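Everything below concerns the one structure shown next.
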Amino acid sequence: MNKTVLITGATSGIGLACARKFAANGDRLILTGRNELQLAEIRRELIGQGTEVLTLAFDVRDGRRAKELIERLPEEWAVIDVLVNNAGLALGLEAEYEGNFEEWETMIDTNIKGLLTMMRLVVPGMVARNRGHVINIGSVAGDAAYAGGGVYCATKAAVKTLTDGLRIDVSGTAVRVTNLKPGLVETNFSNTRFHGDTARAAKVYEGIKPLTGDDIADVAVFVTNAPDHVQIAEVLILATHQASGSVIARSNG
Ligand code: NDP
Ligand code: 8X3
């Protein structure tokens, strides 16, 4: 059965790859992000390939706007089968005692509160229908802190806890909840973290073949296609030469 899949942060990286992979899987898509023009471009691309697409431009930190848009979805889009809670970011790599207050707030508001807002808005419908799947994009960073990543890692640890909490709360229903935890994925992530310093961002992926957004999107599609009685609760996806958030065997190291 083709599903209606809502993806946050669908304009780039893992979110965009999920849009393309779910489209190829025959699903219909509600694509959300902050950049209206990019959303329109992706919509054009996917509609051209026969996928039904609705776009919603909003910032996941704006809970009121998110609520308005989700509550006023056109009837034919109101039944969301899969929520891919992907929008998120890291900012900076300073020691925790030297970090930037505003950057902390942005990470916490986006990665934790934004993700929680989307679950709060979408999951009640899933529970009422006794059907649905929430995929939260966590990270290997949520398993253990690494130098300079304390606040980002804490947000991803929170994603794990919130995902586990939701799984407990919906366990009496047929709603499934998955925490997808990627390791190094080459996207715009490091560019954002280093404020557009592309040379510094490129160094993150030097001497190792990193994952791609497609690698993560393949797993996202796979977990939703598992039989109804199978709940893939958590998946850690690492590049072959990465063992943890801080152990990476680089060929140039
Ligand atoms: P990208 O920077 O390529 O994509 C991030 C996406 O999130 C963009 O579409 C971005 O939109 C969107 N976004 C950021 N802030 C907001 C916001 N406030 N409201 C709405 N959308 C927002 O990075 P990735 O694809 O790598 O990141 C996607 C997720 O994967 C994140 O949660 C990240 O933490 C996680 N992750 C990434 C890993 C990696 O190595 N790349 C590894 C593990 C997890 P905009 O362009 O408007 O900023
Ligand atoms: C992104 C992966 O290890 O760069 O969550 O923090 S990492």
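Rule-based calculations on the coordinates, nothing more; no lab input. As the structure is a prediction and not an experimental result, all values here were calculated from the model. Glycine gets a Cβ as well: all are built from the backbone with ideal geometry, and neighbour counts include every protein chain shown.
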**OP:** Measure nothing fancy, just the Cα-based angle from helix 36-48's long axis to the longest principal axis of the chain, in degrees from 0 to 90, nearest 10.
**Re:** 60 degrees
Original post:
In degrees, nearest 10, range 0 to 90: what is the angle between the Cα axis of helix 13-24 and the longest Cα principal axis of the chain?
Top reply: 30 degrees
**OP:** Would you calculate the volume per residue, in Å³, of the smallest convex hull containing every Cα atom of the chain?
**Re:** 126 Å³
Original post:
Helix 213-225 versus the longest principal axis of the chain: what is the Cα-based angle in degrees, 0 to 90, to the nearest 10?
Top reply: 40 degrees
**OP:** Check each of the GluC sites (Glu not before Pro) in segment 44-79 and keep only those in coil by DSSP with at most 16 other C-beta atoms within 10 angstrom; list them in order.
**Re:** E52
